[in-house]
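**Student:** Provided herewith is a single structure, encoded as structure tokens, for subsequent inquiry.
The values are calculated or read from the model by the stated rules, or taken from the named source; none is laboratory data. Predicted, not measured: the structure shown is a model, and the values here were computed from it. Neighbour counts are summed over all protein chains in view; Cβ atoms, including those assigned to glycine, are modelled from backbone coordinates with ideal geometry. Surface accessibility is based on the protein's heavy atoms, side chains included, excluding ligands, DNA and RNA. Shrake-Rupley method; radii C 1.70, N 1.55, O 1.52, S 1.80 Å.
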Amino acid sequence: MKKLLFIIVLVFVCMFMFINFGSFETKAEFLICDENDVCFDPTEIPQIIISIDFPDHLFTDIPEPDWSDYATAYDNEGDLTPQIVITENVDMNQAGTYTVTYTVSNSNGTTTKSKQVGVYECVDY
């Protein structure tokens, strides 16, 4: 009888602990995922997602792309894309490797992501 009582009490204690302490609560009400199924918790520092369409290779003598088309940013309050600051040194007249940097901030911190782009000499045949 003592064993049965002990088991019943143990079961109730475990249930109480699971209900009050073991429920797996997340800080975010939702996750944001990009087209590569990379997900993040938007309640922390803002997140920048660089599009898979980002042009890694360009050729001289063509117009420079609008770099703002290739990044989005989110946090727990929503879309921060208009607040992205873009820093780049791409020279479409000079072959070389250049860096495009995206930076965005919120009250939790700042996030920066960079991507390299190669500019190649356009050769006529």
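**Student:** Looking at (1) more than 19 Å from Lys115 (Cα to Cα); (2) at pLDDT 90 or above, which is the one condition that is false for Ile52?
**Tutor:** Ile52 satisfies every listed condition except (1).
**Student:** Kindly indicate the residue of the stretch 102-125 that is closer than 21 Å to Pro46 by Cα and open to solvent by less than 30 Å² (accessible area, probe 1.4 Å) and also modelled with the lowest pLDDT among those meeting that condition.
**Tutor:** Ranking the qualifying residues of the stretch 102-125, first place goes to Gly109.
**Student:** Out of the residues in the stretch 70-117 that are acidic (Asp, Glu) and in a loop (DSSP other than H, G, I, E, B), which is nearest to Phe59 (Cα to Cα)?
**Tutor:** Checked the stretch 70-117; the qualifying residue nearest to Phe59 (Cα to Cα) is Asp91.
**Student:** Please tell me if Val85 is modelled with pLDDT of 95 or more and touching an Asp or Glu at 6+ places or on another chain (Cβ under 8 Å).
**Tutor:** Values: modelled with pLDDT of 95 or more: yes; touching an Asp or Glu at 6+ places or on another chain (Cβ under 8 Å): no.
For Val85, the condition - modelled with pLDDT of 95 or more and touching an Asp or Glu at 6+ places or on another chain (Cβ under 8 Å) - is not met.
**Student:** In the stretch 80-125, what residues are of a type in the set (D, E, K, R) and within 16 Å of Pro65 (Cα to Cα)?
**Tutor:** Of everything in the stretch 80-125, those that are of a type in the set (D, E, K, R) and within 16 Å of Pro65 (Cα to Cα) turn out to be Glu88, Asp91, Lys115.
**Student:** State which residue pairs qualify: first residue open to solvent by less than 20 Å² (accessible area, probe 1.4 Å) and part of a loop (DSSP other than H, G, I, E, B) and inside the stretch 43-55, second residue basic (Lys, Arg) and modelled with pLDDT of 95 or more in any location, beta carbons under 9 Å apart, and separation of 6 or more residues or different chains.
**Tutor:** Listed pairs, sorted by first residue: Phe54/Lys115.
**Student:** Leu31 fails exactly one of the following numbered conditions: (1) in contact with a Phe, Trp or Tyr (Cβ under 8 Å, 6 or more places away or on another chain); (2) at pLDDT 75 or above; (3) open to solvent by 50 Å² or more (accessible area, probe 1.4 Å). What is the number of that condition?
**Tutor:** The failed condition is (2).
**Student:** Give the stretch 81-97 a look and list any residue that's open to solvent by 30 Å² or more (accessible area, probe 1.4 Å) and free of Cβ contacts under 8 Å to residues at least 24 places away in the same chain, or say none.
**Tutor:** Residues satisfying the conditions are Thr81, Pro82, Gln83, Val85, Ile86, Thr87, Glu88, Asn89, Thr97.
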